[in-house]
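The values are calculated or read from the model by the stated rules, or taken from the named source; none is laboratory data. Predicted, not measured: the structure shown is a model, and the values here were computed from it. FYI the Cβ positions are ideal-geometry reconstructions off the backbone, even for glycines, and counts take in every protein chain you see.
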Amino acid sequence: MSSPECIPSFEDIDIRDLSYQINDKVILQHVNFNLSKGDVLEIRGKSGAGKSTLANILAKRLPYDGQILISGTELQQISKKAYNARMLYLPQKPLIIESTLLDNILMGMPYQAERMEQALFCSLLQDVIECMPDGLQTLVSAKSLSSGETQRVCLCRAVYHARDILIFDEMLSAVDSDAKREIAARLCKFSKETNRIMICISHDEFFHEYATQTLNLKKVIV
Ligand SMILES: Nc1ncnc2c1ncn2[C@@H]1O[C@H](COP(=O)(O)OP(=O)(O)OP(=O)(O)O)[C@@H](O)[C@H]1O
Ligand SMILES: [Mg+2]
């Protein structure tokens, strides 16, 4: 079958009997869930339970057994390019480029004031920018930002580039509790109001009150 170059309309994600193993080690087994526009899924589970593996699979970065249906089309039949136009994945260790804060948010996209305002609001990045000598024009690198600042910059970038499907792997793990609570609230509100699907891997409670579904992953014992 040919790979569609675009997904004409986006409605839901249907995960059916998803399993994954590597070198005979079973990491995920019989995972099922269905998400519609406006849903927020929190993925929980102990370290090593397979959360990042599942995020990588949903981001089309790993093979799998079972089905992932994106608005009824099997993910394997959708080209990477077409899927990336709909899906944004923020990994556990996100990337900072050696350039200005602004470049780190835009990453080549044109500047739009309203979009930027929304992204800064959701990521609470304004507080960080106000402490920088040249605001958004401040030069940064992976070494010059703290882990929490790095996460907020990358989250701001993710909201600025927002797609229909947002996958966040522990993107607030290094942020302090007060900021984390506020960012989780703003981010979930944004995702629901703009009819996206948000998938958040998190070790703490901050997404729980806004999540429409919770998936508890347990280490597979064979
Ligand atoms: N390429 C690989 N080769 C072998 N084992 C792997 C590979 N990738 C992941 N694993 C194993 O799969 C299991 C799940 O890993 P994963 O990174 O998905 O866990 P996690 O739930 O995200 O954990 P954490 O909360 O620590 O981030 C772990 O036991 C890990 O060692
Ligand atoms: Mg992980």
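Taking the range 19-58 as the search range and keeping residues that are away from ligand 1 (no atom under 12 Å from the Cβ) and in a loop (DSSP other than H, G, I, E, B), which one is farthest from Ser9 (Cα to Cα)?
Asp39
Can you tell me which residue within the range 144-183, out of those that are touching a Pro at 6+ places or on another chain (Cβ under 8 Å) and within 16 Å of ligand 1 (Cβ to nearest atom), is modelled with the lowest pLDDT?
Met171
For residues that are without any contact (Cβ under 8 Å) to a residue 60 or more places away in the chain and not basic (Lys, Arg), scanning just the range 58-71, find the one that is surrounded by the most Cβ atoms within 10 Å (Cβ to Cβ).
Selected residue: Tyr64.
Might you check whether a residue that is within 16 Å of ligand 2 (Cβ to nearest atom) and assigned to a strand (DSSP E or B) occurs anywhere in the range 71-85?
no
List the pairs whose first member sits in the range 162-182 and is closer than 30 Å to Leu69 by Cβ, whose second member is aromatic (Phe, Trp, Tyr) and part of a loop (DSSP other than H, G, I, E, B), and whose Cβ atoms are under 9 Å apart, counting only residues at least 6 apart or on separate chains?
Asp164/Phe10; Ile165/Phe10
Counting only residues that are within 16 Å of ligand 1 (Cβ to nearest atom) and not polar (S, T, N, Q), which one in the range 67-104 is farthest from Ala158 (Cα to Cα)?
Within the range 67-104, the match that is farthest from Ala158 (Cα to Cα) is Lys93.
Within the range 184-199, is even one residue within 16 Å of ligand 1 (Cβ to nearest atom) and at pLDDT 95 or above?
Yes, the conditions are met somewhere in the range 184-199.
For (1) buried (at least 16 other Cβ atoms within 10 Å of the Cβ); (2) over 15 Å from Lys51 (Cα atoms), each residue gets a yes or a no:
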site: Cys188; (1), (2): yes, yes
site: Ser191; (1), (2): yes, yes
site: Ile201; (1), (2): yes, no
site: Glu205; (1), (2): no, yes
site: Leu217; (1), (2): yes, no
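Are there any pairs, at least 6 apart or on different chains, whose C-beta atoms fall under 8 Å, with the first in the range 199-211 and within 16 Å of Lys189 (Cα to Cα) and the second part of a loop (DSSP other than H, G, I, E, B) and within 16 Å of ligand 1 (Cβ to nearest atom), and if so, which?
Close Cβ pairs satisfying both conditions: Cys200/Met171; Phe206/Leu172.
Residue check, Ala55 against (1) crowded, with 19+ Cβ neighbours inside 10 Å; (2) closer than 16 Å to Ile197 by Cβ; (3) more than 19 Å from the chain's Cα centre (by Cα), all met but one. Which one?
(3)
For the range 58-69, give me each residue that is under 20 Å from Asp169 (Cα atoms) and more than 16 Å from ligand 2 (Cβ to nearest atom).
Lys60, Pro63, Tyr64, Ile68
Output the number of residues of the range 45-57 satisfying the condition of being touching a residue at least 60 places away in the same chain (Cβ under 8 Å) and touching an Asp or Glu at 6+ places or on another chain (Cβ under 9 Å).
3
Within the group Ser9, Ser47, Ser19, Ser71, which residue is among the hydroxyl-bearing types (Ser, Thr, Tyr) and under 15 Å from Leu215 (Cβ atoms)?
From the options Ser9, Ser47, Ser19, Ser71, the qualifying one is Ser19.
Here's the yes/no breakdown for (1) more than 16 Å from ligand 2 (Cβ to nearest atom); (2) at pLDDT 95 or above; (3) of a type in the set (S, T, N, Q):
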{"residue": "Ser9", "(1), (2), (3)": "yes, no, yes"}
{"residue": "Ile27", "(1), (2), (3)": "no, yes, no"}
{"residue": "Asn32", "(1), (2), (3)": "yes, yes, yes"}
{"residue": "Ile43", "(1), (2), (3)": "no, yes, no"}
{"residue": "Lys46", "(1), (2), (3)": "no, no, no"}
{"residue": "Asn56", "(1), (2), (3)": "no, yes, yes"}
{"residue": "Leu88", "(1), (2), (3)": "yes, yes, no"}
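Going by the structure shown, is Ser123 in contact with a Gly (Cβ under 9 Å, 6 or more places away or on another chain), within 30 Å of Ser36 (Cβ to Cβ) and among the hydroxyl-bearing types (Ser, Thr, Tyr)?
No, not satisfied.
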